[in-house]
Amino acid sequence: MPDAIQKPCAVSFKTNPNSLEIRFSGDWVIGANFPELTDVLAAIKQAPPSISIGFFLDDLGRWDSLLLTDLIKILNTAQKHTISVDKTSLPESIQDLLALVYAVPEQHEVRIRTPRKWSTILQANLNRWQKELVDVVEFIGETALSAYDTFRGRSHFRSVDLWLHIQECGPSALPIVTLISLLVGLILAFVGAVQLSLFGAQIYIANLVSLGMTREMGGLMTAIIMSGRTGAAYAAQLGTMRVNEEIDALKTMNLQPMAFLVLPRMLALIVIMPLLCLYADLMGIIGGALVSINIFDVSVAEYVDRTIHAVKMKDFVIGFVKCAVFGVLIALSGCMRGMQCGRSASAVGDAATSAVVTSIVFIVVADSIMTIICNRLGI
């Protein structure tokens with residue numbers, strides 16, 4: 001059958017003392033030449049709140065969602081100016097669709113936000129950083145009090161937990177520490193050899209690698225590895241325990257979570273980090289030896305002799321002290337983010353990510369400060 005002839009659509013209004021009559025006529029479908037609602041909306045805005053809006057659709061033909069769009073504009077304008085609307089004259093199908101539209105309130109937070117002023121952004125960041133600083137200080141204070149109570153016998157943790165954490169962050173980390181430290185030693189040797197070979201001083205590659213590994217790179221690379229491996233694991237473990245309400249259960253049993261969960265992890269890292277640092281130093285020196293002996297014709301005896309003369313006990317001590325400090329920072333970052341974790345699966349992931357970022361920032365800042373101090377003291 002051929003399509004019915006489309007009737008032109010139109011909208012008109014009539015203002016009465018107590019009502020505003022809006023009349024729709026014709027076919028309100030796609031392809032029609034829709035009239036503007038400017039006059040109708042202006043009449044609604046100028047009408048007093050005491051009147052009521054009524055709809056007359058006796059001459060309305062076919063319609064689709066475009067009619068609903070104009071009706072929603074009219075209803076929103078009337079609601080904004082606190083004018084009542086009588087929807088009873090609308091077809092039941094239109095009333096049902098409008099009920100669906102207004103069934104769920106609009107979520108204003110999903111709208112595109114206008115750009116904020118730089119001063120507002122700066123103030124928000126300052127407030128966030130201030131809160132972060134307060135949280136860090138509070139967590140350090142709680143950890144110190146828990147350690148003091150444990151030392152006095154008022155609280156305790158299981159020794160088996162300490163040995164378990166030592167196993168997890170010590171021997172289990174040797175493969176990745178071996179690989180990274182060996183490659184760092186290779187890189188240091190190649191970088192130094194580029195300049196030293198210009199003067200025929202390849203023998204001093206041993207000095208460069210040994211000093212670089214023992215004083216800086218050995219401890220620093222070990223700390224970065226452990227922050228990504230162990231710090232994130234601590235945050236995920238404690239975050240999961242918080243999600244499962246296990247930490248609340250410990251409090252119910254009169255066990256301090258800080259002493260029972262945080263102290264074993266912190267002590268394990270403090271004990272194991274200097275040992276990992278010593279192992280990383282050895283692997284880095286071996287990596288430098290591989291480059292010097294196989295590529296730059298330095299004999300094994302010469303490499304060992306230059307290493308012994310270059311490295312002093314104070315260099316090892318500096319690396320050990322730095323690594324112990326790094327262990328404290330990694331444990332604090334991981335445990336703090338885990339204890340601050342929210343109660344959802346996504347919050348656990350956020351806590352692990354934040355723990356890695358926080359610990360790396362702390363490590364770099366602490367290493368810079370200790371390096372400056374050593375330089376000023378001449379050690």
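Values quoted throughout were computed directly from the atomic coordinates according to the rules given, and no laboratory measurement underlies them. In this text, all values refer to a predicted model and were calculated from it rather than measured experimentally. As a convention, Cβ positions derive from the backbone with ideal geometry for all residues, glycine included, and neighbour counts pool all protein chains shown.
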Only Lys, Arg, Asp and Glu count, each charged at its Cβ (+1, +1, -1, -1), so figure out the dipole size of the stretch 267-343 about its Cα centre, rounded to 20 debye. 540 debye
Suppose every K and R has +1 on its Cβ and every D and E has -1 on its Cβ; what is the size of the dipole of the chain about the Cα centre, in Debye to the nearest 20? 1160 debye
Starting from the 7 Å offset along Cα-to-Cβ, what nm value, one decimal, do you get for the label separation of residue 369 and residue 151? 2.0 nm
Rank 56, 77, 89 by how far each Cα sits towards the positive end of the charge dipole of the stretch 10-109 (+1 on Lys, Arg Cβ; -1 on Asp, Glu Cβ) and give me just the farthest. 77
At q = 0.07, 0.09, 0.15 Å⁻¹, work out log10 I(q)/I(0) for the chain with the Debye formula, treating every Cα as an identical point scatterer and leaving solvent out; two decimals please. -0.59, -0.70, -1.23
About its Cα centre, how strong a charge dipole does the stretch 125-228 have in debye, to the nearest 20, once Lys and Arg get +1 and Asp and Glu get -1 at the Cβ? 140 debye
Within the chain, the percent of DSSP beta bridges that are antiparallel, given to the nearest 5, stands at 40 percent
What lysines sit close enough to residue 117 to cross-link, taking a C-alpha to C-alpha distance under 30 Å and skipping anything fewer than 8 places away on the same chain? 80, 131
GNM on the chain, C-alpha springs below 10 Å: top fluctuator among 214, 69, 358? 69
Compute all pairwise cysteine Cβ distances in the chain, then list the cysteines with no distance under 4.7 Å to another cysteine. 9, 169, 335, 341, 374
From the backbone phi of the stretch 250-263, what are the Karplus-calculated ³J(HN,Hα) couplings (6.51 cos²θ - 1.76 cosθ + 1.60, θ = phi - 60°) in whole Hz, Gly and Pro given as x? 4, 5, 5, 7, 6, 10, 6, x, 5, 6, 7, 10, 7, 4
Selected from 318, 361, 298, residue furthest toward positive end of dipole (the stretch 280-379; charges at beta carbon): 361
Let me see the pair-distance distribution of the stretch 278-379: every alpha carbon pair, 10 Å bin width, integer percents in order. 13, 29, 25, 20, 10, 3
Residues with amide H under 5 Å of residue 60's amide H, sequence separation 5 or more or different chain, H placed in the peptide plane at 1.01 Å from N; which? 26
Among 17, 266, 68 the positive-end extreme of the charge dipole of the chain (Cβ point charges): 266
Mind checking which aspartates and glutamates have their C-alpha under 17 Å from residue 251, skipping anything on the same chain fewer than 8 residues away? 142, 149
Within the chain, what is the longest stretch that has no GluC sites (Glu not before Pro) placed in a DSSP loop and near at most 15 other beta-carbon atoms within 10 Å? 107-244
Could you work out which residue, out of 117, 251, 45, moves most in a Gaussian network model of the chain, that is, has the largest mean-square fluctuation with Cα springs under 10 Å? 45
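R0 = 30 Å: FRET efficiency of residue 138 with residue 159, Cβ-based, nearest 0.05?
On the way: r = 28 Å, r/R0 = 0.93.
It comes out at approximately 0.60.
By how many nm would the segment from residue 79 to residue 198 grow when fully extended, if each residue of separation counts as 0.36 nm and the alpha-carbon distance is taken off?
Contour length minus Cα-Cα distance gives 34.6 nm.
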